[in-house]
Structure formats: C-alpha cells, structure tokens
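This report concerns only the one structure given below.
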Amino acid sequence: MNFADFTLVEAFDEMAAGRPDGTAVEFGGDRASYAELATASRRVAALLKKRAGVRPGDLVAFCMEPSVEMVVTVLAILRCGAAYVPLDVQNPPVRNRLILDDSGPRAVVGDVVDGSAGVCSITSDEVRQAAWDTGAEEWSGARPDPGAYCYVIYTSGTTGRPKGVPITHRNVLALFAAAAELFDFGAEDVWLLYHSIAFDFSVWELWGPLLHGGCLVIVDRWTKLSPEACAELLLDRGVTVLNQTPTAFSVMARVLMEKVPAGGGVPLRYVVFGGERLSMPALRTWADRFGLDRPQLINMYGLTEATVHTTYHRLTGQDLLLDDSVIGRPLPGFTARIVDEAGESGERGQLVVSGPQVAAGYLDRPETTAERFGPDPLGLVDGTLFYRTGDLVETRNGQLVYLGRADRQAKIRGHRIELGEVEAAVAAVPDITEASAVVVGGAENPILACGYTTRSGQQVELRALRAELRKRVPQYMLPTRFRWFEQLPLTVNGKTDSQSVAKEMEFEK
C-alpha cells in the first residue's frame, strides 16, 4: 500500500474493504473481523462525539485493560480527528493524574482515573455496549488531516513531570513506508500486542498487522507474567512477528527451545528487538538451534521522539561472535549525524537524526523542545529539524554501534528512564533530603540503584520506602537497590558525584 497522504484510519479502512472477513484482532475467546472492527469503531466514535463533543485536534485519554475494545477505542478516537493519550492501568494513580493534568484531554475513556474530575468520562462498559450494538449510531465526519496528531505518548521527565511526545499520522505512516523496504509483512502474519499501549513499542505492534491485513493477538497481563504461557500462546496462534526487548526474549527463547522438539521449528518469521542494548552472544544458542533465516533476528534502535524505530540491522552469524550492539543503518528517509564533543562530525559521538518520523517537539514544552530539537548541528542543510538523541554511537564497517547514553537517561528492561525523575520521586519520600539515581551492573545487566540522605540521619525502612515509591512511579522506575548515605559524595565542583555513588552501590543488595 502507498501510505503517502493517508491517515491511519484511511489506511485501515482500505485494508478492511479488501479483507472484510479476515480476523483483525483476537483477545482470549474474543475476536473481530476487519469489517466488525471498522463498524464498531464508527459506533464508538459517534459516542465520543455525542457524549464528549470530541472534535478534530482534541486529545482523548484512555485507561483500559487489554481487550478488543481497547483497539476499537483507538480507532474511534482517530476517526474523530482526535489523538489518543494512552494511560497504563498499572501506573500509579499519581502518574496518570500528572499526564491528565499536562495533556488536558477532552475526555477520558475506560477505567476510573483519579484526577479526571471535570473531564467527560466514558466507561469501558459503555464502550463495549456501543461497539457491538447493531442499532447504535455510527460516526460520520470530515477526513482527518494526515499532519494532525494521532497519539501523545509520555516519556520520563527530568523534573519529575513526564513529558508528552505528539506524533502525527504522517509520522507513523512514514515508519511503515520505510519498513516496507525492509520487511515483507502481509495478510498471513500474526502479531502479538505484548507491550503496554502506553509504551511506544505498542505503536509498531498495533499498526503492523492492521495496515497489512494481518491478525493482532493481544496478550493479557497474566499471560505476560508467565514465559511458559507466552510461549504456548505464540505456538498455538502461529505468531509470525514477535517484538521484544532483549531481556524479555532471552527468557521466552529458553522456554521455546524447551517446548519445541529437536529438529522442529517455530512459526516466527521475524523477531524484532528494541528498547535496550542487545547482547549478541546471548543469542548464540538460539541461532545454533533455529538458524538466522526463519526467524530473521532484527535489531532496531529507536526513540519515542522519532516514532518507535530509527535504524535497522538484520543479525548475521558474524554479529554473534562479537560483543557489540550493532544497530545498523538509519531507516530509509532518515539522515543521521554523529557529533563529537567538539560539535564536529566524527566516527564516535552523539547520534542526531532527522527524517519524516521525527516529531516537531514536546507537548507544550517549548524550552525542553529547544534543548533537543533544532537545526542541523553540522550546518549542512537548512530548514530541516534534527533531534539530539542523547545516545552515543560509533561507526564500524559502515554500521552504527550503540555505546550508551550521553545524558542522564537510562534504558532499563526496555523503558527509557530519566534518572532525575527517579531522584525527584525518592526525594519526595518523607525524611529523605537528597537522592542520586545511578545505573550499575554493566550494559548487559543494567540495574537501577539509588543512594539517599535523610533528615533524621537514619536509613528509611526498605519496605516502607518501596511502598511509598509505588504510589509515585511505575514499577519499571522503582530502583532495585537502595543505600543510605550520611552525605552524598561530591565532585570538586560541588555536584553530586554519580560515579562515586555508582561505585559504592555496585555490589549493594
């Protein structure tokens, strides 16, 4: 399909017209065909317009358990010309409240979210009733603008406030136009929606099948907790496209190798890695068993600010002999710069990117936008927006190799974390005065740790500390290790010496 000047809804509707009876989405025993999904989303769009007055340009938040109706809701919001703001049902209420306060949505759909008073709320039950009511009114309205926002996903913020990244229809369709040159996705593919809808990897998982006529199988939260159950679902449903962080795949791979008889294969055609540094040696046992042709193993580096994926690299046998995280080459349409500490072009430095997938900036954050988005740092082209990733890379044999973060962000289990946000949350705990969040354990097994000081001069009881933090940050932002310091170590400039904190916490339990 030629995605140029389409919206996501138009691209989906074109696929639905060609495959009305094909299964679009499954969740447990529930399933919907492309035609049923299209019709259900028109009914829910009519509900949004009638109940909340949703119109083009609005933001609509939703907080729903994984379900067929969750996908219906996404399509319905987009039909109205609005953008969806996904809230993770497992987030602490205070974090979802911060996102609601920051985004100012026209409506909140789904489960009750603290702090949504004064905003029109539509429950999951109301969505379910409208979606499958054959007598319900259906939406009709003007075509959304391809340049309009389609979603706003929030990432970690340095001040303790998450920041929203608005992405347009055109950005997402540019991603899949680029992917079409590298993958051969089709109607026979079965994809898992494994990740939280509030994590940008889900954008790839959701629209990958729906834009190619494939089937989306949604994983429930309990199955996610069991590698055995995930592996059984994958084999039972014949999943052909699996998207995983390397850490999650390493566990599932072991289970799959145990379940599949010697000499047997798996239905997978592609395993796409993203979200964190890939350890090549960890994949050797898998490659020895299944080879590298079916499935192909693809490493993709990406950013929320550049619509999920930015680079592509198909792993080879030679890669597995190395200990480098090769992220390959930029996707078609991207321009990449490597800028060294002197601000010059180099073979090692910060990765700076531009292209049709790059967002215009952060939602209502002009100062933060100016810090990360700007003109070509090398001055080679005019009028093109570049994004400074904060990631260090180097080139080897024409390929980009990921080295780590250049700023105070970290990736832990696939989630990008602002260490400053963790520090702000810990410092807000009663009795704690200062906090220093660090990453220890090395690139292969990064562990989030935090040192702190207290007014009382006594350490905080660990169970109480963790309980307090669970009220403030998502599970993935909870430090694994804590240590009380009488005083945090300082640099000669009087700043917290993070390296000394990390050194002292390297073997802390």
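The values are calculated or read from the model by the stated rules, or taken from the named source; none is laboratory data. On a predicted model such as this, the values are computed, not experimentally measured, just so you know. Virtual Cβ from ideal backbone geometry, glycine too; neighbours counted across all protein chains shown.
Tabulated results
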read-out: Close pairs from the range 199-213: first crowded, with 24+ Cβ neighbours inside 10 Å, partner acidic (Asp, Glu), Cβ under 8 Å, at least 6 apart; value: 209/189
read-out: Test for residue 347: is it among the charged types (D, E, K, R) and surrounded by 13 or more Cβ atoms within 10 Å (Cβ to Cβ); value: no
read-out: Residue list for the range 136-148, restricted to those being within 28 Å of residue 30 (Cβ to Cβ) and surrounded by 17 or more Cβ atoms within 10 Å (Cβ to Cβ); value: 139, 144
read-out: Count - residues of the range 315-341 that are touching a strand residue (DSSP E or B) at 6+ places or on another chain (Cβ under 8 Å) and not polar (S, T, N, Q); value: 16
read-out: Test set (1) surrounded by fewer than 13 Cβ atoms within 10 Å (Cβ to Cβ); (2) touching a helix residue (DSSP H, G or I) at 6+ places or on another chain (Cβ under 7 Å) - residue 467 fails condition number; value: (2)
read-out: Condition check for residue 239: part of a loop (DSSP other than H, G, I, E, B), at pLDDT 95 or above and in contact with a strand residue (DSSP E or B) (Cβ under 6 Å, 6 or more places away or on another chain); value: yes
read-out: Some residue of the range 416-437 being at pLDDT below 90 and under 17 Å from residue 278 (Cβ atoms); value: yes
read-out: Test: residue in the range 219-237 that is among the aliphatic types (A, V, I, L, M), in contact with an Asp or Glu (Cβ under 8 Å, 6 or more places away or on another chain) and in contact (Cβ under 8 Å) with a residue 12 or more places away in the chain; value: no
read-out: Residues of the range 214-236 satisfying the condition of being buried (at least 21 other Cβ atoms within 10 Å of the Cβ), under 20 Å from the mean Cα position of the chain (by Cα) and part of a helix (DSSP H, G or I); value: 230
read-out: In the range 376-394, the residues that are exposed (fewer than 14 other Cβ atoms within 10 Å of the Cβ) and either in a strand (DSSP E or B) or not small (Gly, Ala, Ser) (or both); value: 380, 381, 382, 384
read-out: Selection count where residues are touching a strand residue (DSSP E or B) at 6+ places or on another chain (Cβ under 7 Å), farther than 24 Å from residue 230 by Cα and of a type outside the set (A, V, I, L, M, F, W, C), scope the range 23-42; value: 1
read-out: Residue match in the range 141-155 (condition: farther than 19 Å from residue 206 by Cβ and among the polar types (S, T, N, Q)); value: no
read-out: Looking only at the range 242-266, and only at residues there that are in contact with a helix residue (DSSP H, G or I) (Cβ under 7 Å, 6 or more places away or on another chain) and in a loop (DSSP other than H, G, I, E, B), the one that is surrounded by the most Cβ atoms within 10 Å (Cβ to Cβ); value: 266
read-out: Residue match in the range 425-436 (condition: farther than 30 Å from residue 355 by Cα, out of contact with any helix residue (DSSP H, G or I) (no Cβ under 9 Å at 6 or more places or on another chain) and not acidic (Asp, Glu)); value: yes
read-out: Restricting the range 321-344 to residues that are under 23 Å from the mean Cα position of the chain (by Cα) and crowded, with 18+ Cβ neighbours inside 10 Å, the residue that is modelled with the lowest pLDDT; value: 325
read-out: Residue among 400, 419 that is under 22 Å from the mean Cα position of the chain (by Cα) and closer than 19 Å to residue 499 by Cα; value: 419
read-out: Some residue of the range 370-386 being of a type outside the set (Asp, Glu), within 26 Å of residue 246 (Cα to Cα) and in contact (Cβ under 8 Å) with a residue 12 or more places away in the chain; value: no
read-out: Any hit, the range 259-267, residues being closer than 19 Å to residue 182 by Cα, modelled with pLDDT of 95 or more and out of contact with any His (no Cβ under 6 Å at 6 or more places or on another chain); value: no
read-out: Within the range 392-414, tally of residues that are closer than 22 Å to residue 466 by Cβ and modelled with pLDDT of 85 or more; value: 1
read-out: Cross-chain or 6+ apart pairs with Cβ under 6 Å, the range 295-319 first and touching a residue at least 40 places away in the same chain (Cβ under 8 Å) and outside the structural domain of residue 388 (by TED's automatic domain parsing), then charged (D, E, K, R) and crowded, with 24+ Cβ neighbours inside 10 Å; value: 304/200; 308/200
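Okay, residues lined up against (1) under 15 Å from the mean Cα position of the chain (by Cα); (2) within 30 Å of residue 154 (Cα to Cα):
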{"residue": "277", "(1), (2)": "yes, yes"}
{"residue": "284", "(1), (2)": "no, no"}
{"residue": "293", "(1), (2)": "no, no"}
{"residue": "296", "(1), (2)": "no, no"}
{"residue": "304", "(1), (2)": "yes, yes"}
{"residue": "307", "(1), (2)": "yes, yes"}
{"residue": "314", "(1), (2)": "no, yes"}
{"residue": "319", "(1), (2)": "no, no"}
